[in-house]
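Take a look at the structure set out below.
The values are calculated or read from the model by the stated rules, or taken from the named source; none is laboratory data. Predicted model only: the values in this text are computed from it and were never measured. Positions of Cβ are backbone-derived with ideal geometry, glycine not excepted, and every protein chain shown enters the neighbour counts. Heads up: the accessible areas ignore ligands, DNA and RNA and are worked out on the full protein's heavy atoms, side chains in. Shrake-Rupley method; radii C 1.70, N 1.55, O 1.52, S 1.80 Å.
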Amino acid sequence: KEGLYQSQIERIVRTETGAAANYASWKAMDDSDLVVDKMWLSADDDRVRDGESKKEYNHEIMSGVTIPYNDLFKVPNQNGTTNNIMHPMDLVKGAAGNVINCRCTTAPVPRRNSRGMLIFKK
């Protein structure tokens, strides 16, 4: 498209594709017969948002955080605020600085009872 640079187009496509994949993963958890929690997974490299540079949200600290399916992830920002979102790259509730170019994903974690048995929905 005229007026857009290749890098801008790639950033938009990368963000929209990742957002769609995370949304689909989150929605698929609802279709499971199991009680499922969700886990935030970062790319775990030196490019992951660490909350210290560029006044950004901290995705590094979020990696491995597991919460119930319907709860919101509380992603901390360097300025002391949080962005409460349903999944990584949440285009509905996510701030632009928390979503654009994010490479994080969400993964299902089946919940188990005290004996280690999977818990099924009633």
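Cα-based radius of gyration for the range 67-122, normalised by 2.2 N^0.38 Å, reads 1.44. Computed from the Cβ-Cβ distance with R0 of 41 Å, the FRET efficiency linking A95 to R115 stands at 0.50.
Give the carbon-plus-sulfur fraction of the accessible surface of the chain in %, rounded to a whole number; probe 1.4 Å, heavy atoms of protein chains only.
About 53 percent, which is the carbon plus sulfur part of the accessible surface.
Relative contact order for the chain: 31 percent, from Cα pairs under 8 Å spaced at least 6 residues apart, divided by residue count. Annotation: per residue accessible area for the chain equals 64 Å², rounded to a whole number [probe 1.4 Å, protein chains only]. For the chain, the longest principal axis of the alpha carbon atoms and the long axis of helix 6-31 meet at an angle near 10°. The listed peptides 36-45, 63-72, 83-92, 50-59, ordered by packing as a protection proxy, come out as 83-92, 36-45, 50-59, 63-72 (highest mean of other Cβ atoms within 10 Å first). Straight-line cross-link reach from K27 at under 28 Å between alpha-carbon atoms covers these lysines, not counting any fewer than eight positions away in the same chain: K38, K74, K93, K121, K122. Spherically averaged projected area of the convex hull of Cα atoms, the chain: 9.2 nm².
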